[in-house]
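All remarks here apply to the structure that follows.
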Amino acid sequence: MKFPCRLDKFVSHIQELPRSKVKIGIKKGLAVVNGVTISKADYSVGQDDLVEWDQTPLVYLGKRYYMLNKPTGYVCANQDDLHPTVFELLDEHNLKDFHVAGRLDLDTTGLVLITNDGDWSHQITSPKKQKYKTYLVETQEALTEEALEQLRQGVALHNEKSLTQPAIAEQLDKYALRLSICEGKYHQVKRMLAAVGNKVVELHRENVAGIELDTKLAAGEYRLLSDTEVNIINAR
């Protein structure tokens, strides 16, 4: 929301009410700004104004940033007809203004960043920004040094003209690796492992652009990012 803005727009946004209903309420004297009853819907409201609606103070929380530990079975979308969405795990207001900064597949778990700051999320998702995402990958077949080296050099994905950009691949055990990539192609990690003759069994994202998933968050839990975490995006 940009300030200054119309009173009816502000109340509608915070209260999640139709603008037509808000206009009727304003005419009835339900809106008070800085202690004065306002009867005009187009009254200009500033960010520091104290607005009450039907004797209830309204608070605009501004830009917000959350990290969620995504469980399996949830899609990273605002709405979906077949599956529950990650937004159903958030007990927050005005979620219609929020979006996921870097989606995960239905069966992939781990770090999801959710915000209402489009410029901030662009820093994460734009290929030009070269922000790494790190995944823990469990594979069906044993990993070979040859396959790991291919991932580090870049592999040819099905129906893609160019190789993937070089990845950081660290073998953790016979069937597990930590993989960091700075692209976001469709099903990229799964397709990369398929390109080296393997298959992903489990996939978990633990880091996005330097922001680590909080290990205290159980699957399905979330929290606000700290100022330090928010600013990591612009610092890198």
Separation in nanometres of the label points that stand 7 Å from Cα toward Cβ, at residue 1 and residue 161: 4.5
Pull up all non-local amide H partners of residue 104: gap of 5 or more, or a different chain, and H-to-H distance under 5 Å with H placed in the peptide plane. 76
For the range 105-172, calculate the relative contact order in percent as a whole number, restricting contacts to Cα pairs under 8 Å that are 6 or more residues apart. 19
For the chain, modelled as a Gaussian network with Cα springs under 10 Å, which listed residue fluctuates most, 24, 181, 114? 24
For the range 5-58, with all protein chains present and a 1.4 Å probe, just round the carbon and sulfur fraction of the accessible area to a whole percent. 47
Taking alpha-carbon centroids only, the range 7-44 lies from the range 159-236 a number of Å equal to 45
Through the Karplus equation 6.51 cos²θ - 1.76 cosθ + 1.60, θ set to phi - 60°, convert the phi angles of the range 59-64 into ³J(HN,Hα) values in whole Hz; use x for Gly and Pro. 10, 8, 7, x, 6, 10
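With an 8 Å cut-off on Cα pairs and a minimum separation of 6 or more residues, tell me the relative contact order of the range 5-58 in percent.
38 percent.
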Label-point gap, in nm, between residue 182 and residue 216 - each point 7 angstrom along Cα→Cβ: 3.2
Using alpha-carbon pairs under 8 Å, 6+ residues apart, how would you state the relative contact order of the chain in percent? 19
Take the Cα atoms of the chain, find their three principal axes, and give me the spread along each one in whole Å, biggest first. 73, 36, 35
Of all DSSP beta bridges having both residues in the chain, the percent classed as antiparallel (nearest 5) is 95
If 168, 14 are ordered by their accessible area, calculated over protein heavy atoms with a 1.4 Å probe, which sequence runs from highest to lowest? 168, 14
Leaving ligands, DNA and RNA out of it, work out the accessible area of residue 158 with a 1.4 Å probe and give it in Å² to the nearest 10. 140
Point-to-point label distance, residue 168-residue 145, nm (Cα→Cβ direction, 7 Å offset): 2.2
What whole-number value in Å² describes the accessible area per residue of the chain for a 1.4 Å probe? 56
As an exercise, take the mean of 1/r over every pair of distinct alpha carbons in the range 23-109, invert it, and state the Kirkwood radius in angstroms. 15.9
Compute the distance from the alpha-carbon center of the range 46-113 to that of the range 125-151, in whole Å. 28
Per residue of the range 94-100, in order, report the coupling 6.51 cos²θ - 1.76 cosθ + 1.60 (Karplus, θ = phi - 60°) as ³J(HN,Hα) in whole Hz, putting x for Gly and Pro. 6, 6, 5, 8, 9, 8, 8
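Rounded, prolate or oblate: which fits the range 5-58 when a ≥ b ≥ c are the square roots of the eigenvalues of the alpha-carbon gyration tensor, with rounded for a/c under 1.5 and prolate only if a/b beats b/c?
Rounded, because the longest to shortest axis ratio a/c is under 1.5.
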Subtract the Cα-Cα distance of residue 61 and residue 152 from 0.36 nm times their separation in residues, and report this length gain in nm to one decimal. 28.5 nm
Can you figure out the FRET efficiency of residue 81 with residue 40, using R₀ = 35 Å and their beta-carbon distance, to the nearest 0.05? 0.30
Say the dipole of the chain comes from +1 at the beta carbon of Lys and Arg and -1 at that of Asp and Glu; which of 134, 186, 166 then lies farthest toward its positive end? 186
³J(HN,Hα) computed for each position of the range 192-204 - Karplus, 6.51 cos²θ - 1.76 cosθ + 1.60, integer Hz, glycine/proline x: 5, 5, 5, 5, 9, x, 10, 9, 7, 9, 9, 9, 9
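The values are calculated or read from the model by the stated rules, or taken from the named source; none is laboratory data. Here the structure is a predicted model, which is why all the values come from computation and not from measurement. Every residue, glycine among them, receives a Cβ derived from its backbone with ideal geometry; neighbour counts consider all protein chains shown. Protein only, heavy atoms only, side chains kept; ligands, DNA and RNA dropped before computing areas. Shrake-Rupley method; radii C 1.70, N 1.55, O 1.52, S 1.80 Å.
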